[in-house]
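For reference, the structure discussed in these notes is given below.
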Amino acid sequence: MTRRRAKVLSTSTDELPPRARFRRALRLCLLSAVAPGSAQLAVGNRWVGRVALGLYALGLVALGWLALSYRDDRAGLIGLVTDPDVLQVFRFGVAAVAVAWTALFVDAWRLARPLQLTRARAAVVLVVNTALVAGVLGVALYASQVSNAGRQAVQEVFTATTTSPPLQGRYNILLIGSDSGKGRTGIRPDSMTVVSIDASTGSTVLVSLPRNLEDVPFREGSPMRQLYPYGYNCGSECLLNAVHTEAEGRTDLYPGAKDPGLEATIDAVEGVTDLPINYYVMINLRGFSSLVDAVGGVEIDVRTRLAMFGHDDLDQQRYIEPGLQRLDGNEALWYARSRVQSDDFTRMGRQKCLMSAMLDQLSPQKVLLNATDLAKSGAQLISTNMPSEELGEFADLALKARSTKIRTVSLVPPLISVVDPDYAQIHGLIKNAIRASERSVGASPSPSPSSSPSADATTPTPGASPTTPTPTTPSVPTPSPTATPDESGAQANNVEDLAAAC
């Protein structure tokens, strides 16, 4: 502030010409916005001004300290801003700051002596001051709503307290699309994908499991293995997605478990993939659309015309047309689930494309702008055994994964027979995909996901010559010139770069 302006502010209003009074009034209002308490320090109660400016400076120093402290610790920063206790303190702190700042604005308006201005000039000062107050209160209200919604979502969804450290340098997370509906007994997982993430680089491999996989083995030590020592081979109805219903309510097998069917499903997935599962995330497919709507839709290159109706409502005849489309929540759900004029294996590829698109398009800025809606949809959308203290770590890994190529392995024909699957071959495929993913980002390969002989990449196929190794690297299909759009869309099932295939 120049000496001339300081003199104008400190001079009695009665001694100033009308135009100078007007400018003085505006400056007092604007000073309260830029540096709270400065108006009082200049012409009002200096004790109030010093306290307000001191607290303001202290706040700036605290923000600077946080920025420096977490400059190289993105995971720690995300963990801090998702901690329920921190969010609660922040909420009350924002409310207190908003009330105090508003009081300073009102006092600045009083110090401006609006009654000594002309009506027009007094109106201008009133509008400016009111706009500044509304801005402060609006930002405070939004911040309070976001922090409260985030706190409630974290407390409702991330209720677990047990953490699981990375195993052999990787986190393995099971994503389950749950589908419990009319005419269905229990929960039948509609889709299952294991996300294997390098704990240091974020390199990611998506392993998709067909829901109709047969003879699935249970991991060693599983209670279900006692019932089915040779795999879940009790007939054509004993598929992977039926394991949940089979074990539902079996607290005798899983004492103390909230959902024995889910525990059995995890045991089956571990047996199929030979990967130990750190956490599961169960996604309510009927609530998935709210997540997509919360971020304004998702942009997808639709390869072929997709039906938005099931076999029971063929009369509706609604479609998602081919081309680059921005899908709303309902359309995105049909994109992921449609099976009319398609099949399970093709839609598995579409589901991975949808995951890739959401990961790429869900920027931190978009999350911040839609934080309240995201928090509400998250509470309706997922259940998980991931504790809240792991949120920072996995959010950071998700941001790292955006800059790496996502590899995919899908256990689908013709690579894998779902009726008579070779699980030794499956273990080798997954192990090699993980190794290739680590090499692609310059990381040294971590130890094998399993030391069991079944994970050996050269395990022979039953009936084959002892010198003939089982293929272990998933081939990357190349669409032929005559490939149908639907066939081309299935290329995302086994690829080295998911984004390029989609």
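The values are calculated or read from the model by the stated rules, or taken from the named source; none is laboratory data. Because the structure is a prediction, the values reported are computed rather than measured. Cβ: placed from backbone, ideal geometry, glycine included. Neighbour counts: every protein chain shown. These area figures cover heavy atoms from the full protein model, side chains too; ligands, DNA and RNA do not enter into them. Shrake-Rupley method; radii C 1.70, N 1.55, O 1.52, S 1.80 Å.
When both residues are 6+ apart or on different chains and their Cβ atoms are under 6 Å apart, which pairs have a first residue that lies in segment 421-438 and is free of Cβ contacts under 8 Å to residues at least 12 places away in the same chain, and a second that is surrounded by fewer than 22 Cβ atoms within 10 Å (Cβ to Cβ)?
Once the first residue is free of Cβ contacts under 8 Å to residues at least 12 places away in the same chain and sits in segment 421-438, its partners that are surrounded by fewer than 22 Cβ atoms within 10 Å (Cβ to Cβ) give 435/445.
Within segment 400-414, how many residues are in a loop (DSSP other than H, G, I, E, B) and either over 18 Å from residue 431 (Cα atoms) or among the aliphatic types (A, V, I, L, M) (or both)?
Number of matching residues: 8.
Given (1) under 29 Å from residue 86 (Cα atoms); (2) at pLDDT 90 or above; (3) open to solvent by less than 30 Å² (accessible area, probe 1.4 Å), identify the lone condition not met by residue 154.
If we test residue 154 against (1) under 29 Å from residue 86 (Cα atoms); (2) at pLDDT 90 or above; (3) open to solvent by less than 30 Å² (accessible area, probe 1.4 Å), just (2) comes out false.
Quick check on residue 232: is it in contact (Cβ under 8 Å) with a residue 60 or more places away in the chain, of a type in the set (Phe, Trp, Tyr) and either in contact with a Ser or Thr (Cβ under 9 Å, 6 or more places away or on another chain) or surrounded by 22 or more Cβ atoms within 10 Å (Cβ to Cβ) (or both)?
No.
What is the one condition in (1) in a loop (DSSP other than H, G, I, E, B); (2) buried (at least 17 other Cβ atoms within 10 Å of the Cβ) that residue 312 does not satisfy?
Unmet condition: (2).
Read through the list (1) at pLDDT below 90; (2) over 47 Å from the mean Cα position of the chain (by Cα), then give the number of the only condition that residue 46 fails.
Among (1) at pLDDT below 90; (2) over 47 Å from the mean Cα position of the chain (by Cα), residue 46 violates only (1).
Residue 211 is checked against (1) touching a strand residue (DSSP E or B) at 6+ places or on another chain (Cβ under 8 Å); (2) surrounded by fewer than 22 Cβ atoms within 10 Å (Cβ to Cβ); (3) part of a helix (DSSP H, G or I) and fails just one. What number does that condition carry?
(3)
Hey, can you tell me all the residues within segment 292-340 that are on the phi > 0 side of the Ramachandran plot and touching a residue at least 40 places away in the same chain (Cβ under 8 Å)?
296
What number of residues within segment 163-208 are assigned to a loop (DSSP other than H, G, I, E, B) and at pLDDT below 90?
9
Tell me, yes or no, whether segment 448-459 has at least one residue that is over 27 Å from residue 349 (Cβ atoms), buried (at least 16 other Cβ atoms within 10 Å of the Cβ) and modelled with pLDDT under 85.
So the first thing to find is which residues in segment 448-459 are over 27 Å from residue 349 (Cβ atoms), and the list is 448, 451-453, 456, 458.
Checking which are buried (at least 16 other Cβ atoms within 10 Å of the Cβ) leaves us with 448, 456.
Right, trim to modelled with pLDDT under 85 and you get 448, 456.
Within segment 448-459 (the criterion being over 27 Å from residue 349 (Cβ atoms), buried (at least 16 other Cβ atoms within 10 Å of the Cβ) and modelled with pLDDT under 85), the answer is yes, since at least one residue qualifies.
Taking only segment 238-268 into account, find how many residues are in contact with a helix residue (DSSP H, G or I) (Cβ under 8 Å, 6 or more places away or on another chain) and assigned to a helix (DSSP H, G or I).
Of the residues in segment 238-268, 14 are in contact with a helix residue (DSSP H, G or I) (Cβ under 8 Å, 6 or more places away or on another chain) and assigned to a helix (DSSP H, G or I).
Residues to consider are 97, 86, 81; find the one that is modelled with pLDDT of 90 or more, β-branched (Val, Ile, Thr), surrounded by 14 or more Cβ atoms within 10 Å (Cβ to Cβ) and farther than 20 Å from residue 31 by Cα.
86
Among the residues of segment 119-131 satisfying the criterion of being touching a Phe, Trp or Tyr at 6+ places or on another chain (Cβ under 8 Å) and among the β-branched types (Val, Ile, Thr), which is surrounded by the most Cβ atoms within 10 Å (Cβ to Cβ)?
The qualifying residue surrounded by the most Cβ atoms within 10 Å (Cβ to Cβ) is 125.
Any idea which residue in segment 280-307 is modelled with the lowest pLDDT, counting only those that are surrounded by 21 or more Cβ atoms within 10 Å (Cβ to Cβ) and of a type outside the set (A, V, I, L, M)?
288
Taking residue 160 as the residue in question, decide whether it is over 15 Å from residue 384 (Cα atoms), among the small types (Gly, Ala, Ser) and either modelled with pLDDT under 95 or in contact with a helix residue (DSSP H, G or I) (Cβ under 6 Å, 6 or more places away or on another chain) (or both).
No: the conditions fail for residue 160.
Does residue 362 count as among the hydrophobic types (A, V, I, L, M, F, W, C), within 22 Å of residue 348 (Cα to Cα) and modelled with pLDDT under 80?
When the stated conditions are applied, residue 362 passes them.
State the number of residues belonging to segment 330-341 that are in contact with a helix residue (DSSP H, G or I) (Cβ under 9 Å, 6 or more places away or on another chain) and buried (at least 19 other Cβ atoms within 10 Å of the Cβ).
7
In segment 324-350, what count of residues is obtained for those that are acidic (Asp, Glu) and touching a Ser or Thr at 6+ places or on another chain (Cβ under 8 Å)?
The qualifying residues number 1.
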